[in-house]
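Just so it is clear, none of the values below were taken in a lab; they were calculated from the coordinates. Everything quoted here is computed from the prediction, not taken from an experiment. Counting neighbours? That spans all protein chains shown, and the Cβs are built from the backbone with ideal geometry, glycine included.
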Amino acid sequence: MLNLFQPTLGAEELEAVRRVFKSNWVGKGGITDQFESNFAHYIGVERNLIRSVSCCTEGLFQSMVLLGIGPGDEVILPSISFVGAANAVASSGAKPVFCDVDKRTLNTTAKLIEEMITEKTKAVIILHYGGVPCRIDEICELVNQRRIALIEDVAGSVASRYEGKACGTFGHIGLWSFDAMKILVAGDGGMIYCRTAEMAQDAEELLHLGLLTKSGFKSSATTRWWEFEVSSYGRRATMNDIASAIGLEQLKKLPGFVTRRKQIHEYYDQAFSAYSWLQLPPERPAHMESSYYFYWIQVRSDIRDKLAIYLRERDIYTTFRYYPLHWVKFYGAQISLPNTEEAAEATLCIPIHQSLSNEDLDRVIKCVSDFGKGI
C-alpha cells in the first residue's frame, strides 16, 4: 500500500536514541531543552517563547487555559479543521463557531471569519491547510482591530512562511506537531510558541502539573528539596528526551524533506495538468512558502468517492482531510457553509511524503489516468 504519509527515519535517529538510553535519563532533560532551543532558532524566535509539549492536541487544550477561554466565550475556527481543535474549545466550556473556507485553497479568510464574529468571540483558531499559508496579514489585521486572540494550528506547516516569517509566529499562540504522520517526526510531541515570555512561563507550569519548583535534581534548596507549590491545576504533558533526540535529527533533515515534497508536488502538477476532469491545488503567491504537507485534487462530487475506492483497490491510500466539523452531530452546529460543503465532496488527498520514489508517483498517476478513461 502506498501510504498518504510516511516518516523517513534512519541510522542517525537510532544512534541518537541509543545515546539517550546510555545516559540513563529518558524523561524530559537536556536533550529536550536542546530541541526547544534549536527549534526556536529554526523558526526565528527567542528561545524563551518556545516550550515543548506531549502532542499538538494537548497544546490546543492548554491554549484555552492560557488565553482564559471558558464558559460564555466563543472561538471561531474553520469547519475544515482537525477535530482536536473543536474538542479543545468545547471542553473548556466555550462554544466552537465554525466558519467557511475558500473552496479551492481550503483555507479560511479574514472576510469569512469576520462574518462569524459576535460580542462573545474570544479567539480565532486558523489552520494553514496542507502547509499552504492563509492570508495571515489580513487575518492579523482583523483580530487586532477586534481585540481577539489568534491561535495558529501549524501542525502540518513546519516549514511554511509568509513574507519570510514562520507560520505559527503571527498569533498569540502557535502549535506544531511531530507525530507519526507529520513531516518532522519524533514519534509524538510538539511545540508551543507564545507571544510573550510570561505566557510561555505559564505554559511551562501548566504542562508540568502547575509546579512552581523544579525537580529535586535542579532545585537550589540545600534541605527539603522535595517540597513544592503549584500555581494551577496543571496536567503532565511534557515531551521526553527519547522523542526529542529523534526530533533533533529530523530537524537537521527537514530542508531535504521539504525539497523532496516540493519535487513531488511539481511532478504531480505536471502530470495532472493534462487532465481536464480534475483540478490541481491552486497556485500560491511567491510570498507564501509551503511545507507541501498535502497534495489534493478536486473532481466532480459524483466521482470523488469512486476514485478513492478505485485507488484503494490498487493499494494506493487516499483520504479527505479534514471532514467538516459542522457536520459532526456532537457539536450541534446547525449551519450551512457552502464552500466547505462543496470542497468536502470534491477534494481528495493523494500520497505525498519524502520516501516516495518517482516510480511510486508514476503508479499513482497511471491509476488516476486509467480511472479517468472510464468517465
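For the reader, a short list of remarks on this structure follows.
- Phi angles of the stretch 307-324 translate, via the Karplus equation with coefficients 6.51, -1.76, 1.60 and θ = phi - 60°, into HN-Hα couplings of 5, 4, 5, 4, 5, 5, 5, 10, 6, 10, 8, 10, 6, 10, 10, 10, 3, x Hz per residue; Gly and Pro are given as x.
- Within the stretch 155-193, backbone nitrogen closer than 17 Å to the virtual label 7 Å beyond the Cα of Asp137 toward Cβ: 161-171
- If R0 is 25 Å, the Cβ-Cβ spacing of Glu198 and Thr222 corresponds to a FRET efficiency of close to 0.30.
- Estimated inter-spin distance, Glu359 and Ala90, nm [label 7 Å along Cα→Cβ]: 4.6
- Mean separation of Cα contacts under 8 Å, 6 or more apart, over the residue count of the chain: relative contact order %: 23
- Set of the stretch 185-213 residues, backbone N closer than 12 Å to the point 7 Å along the Cα-Cβ line of Arg235: 207-209
- The stretch 270-350 pair-distance distribution - Cα-Cα, 10 Å bins, rounded %: 15, 41, 33, 11, 0
- Across the stretch 254-372, Cα pairs under 8 Å and at least six residues apart give a relative contact order of 34 percent.
- For the stretch 210-336, the spread of Cα positions along each principal axis, largest first, Å: 75, 43, 35
- Helix 197-207 and the longest principal axis of the C-alpha atoms of the chain enclose an angle of approximately 90°.
- Between the stretch 276-339 and the stretch 61-139, the Cα center-to-center distance that results, in Å: 19
- Using 0.36 nm per residue and subtracting the Cα-Cα separation, the extra length available between Arg47 and Tyr317 on full extension is 93.3 nm.
- Point-to-point label distance, Ile375-Phe21, nm (Cα→Cβ direction, 7 Å offset): 5.1
- Cut-off 16 Å, label 7 Å out along Cα→Cβ of Lys306, residues of the stretch 317-347 by amide N: 346-347
- Available extension along the chain between Glu283 and Gln6 is 97.2 nm, counting 0.36 nm per residue and deducting the alpha carbon span.
- In the stretch 190-296, Cα pairs under 8 Å separated by at least six residues give a relative contact order of 20 percent.
- Here the mean projected area of the convex hull built on the C-alpha positions of the chain is 19.7 nm².
- When the chain is treated as a Gaussian network with alpha carbon springs shorter than 10 Å, the biggest mean-square fluctuation among Trp277, Trp25, Trp225 belongs to Trp225.
- Between helix 11-23 and the chain: long-axis angle, C-alpha atoms, 0 to 90°, nearest 10: 20
- Residue ranges 228-235, 360-367, 32-39 sort as 32-39, 360-367, 228-235 when ordered by packing (mean number of other C-beta atoms within 10 Å per residue, highest first).
- Secondary structure note: in the chain, about 55% of the DSSP beta bridges are antiparallel.
- Take each peptide in 56-67, 196-207, count the other Cβ atoms within 10 Å of every residue, and average; sorted highest first, the result is 56-67, 196-207.
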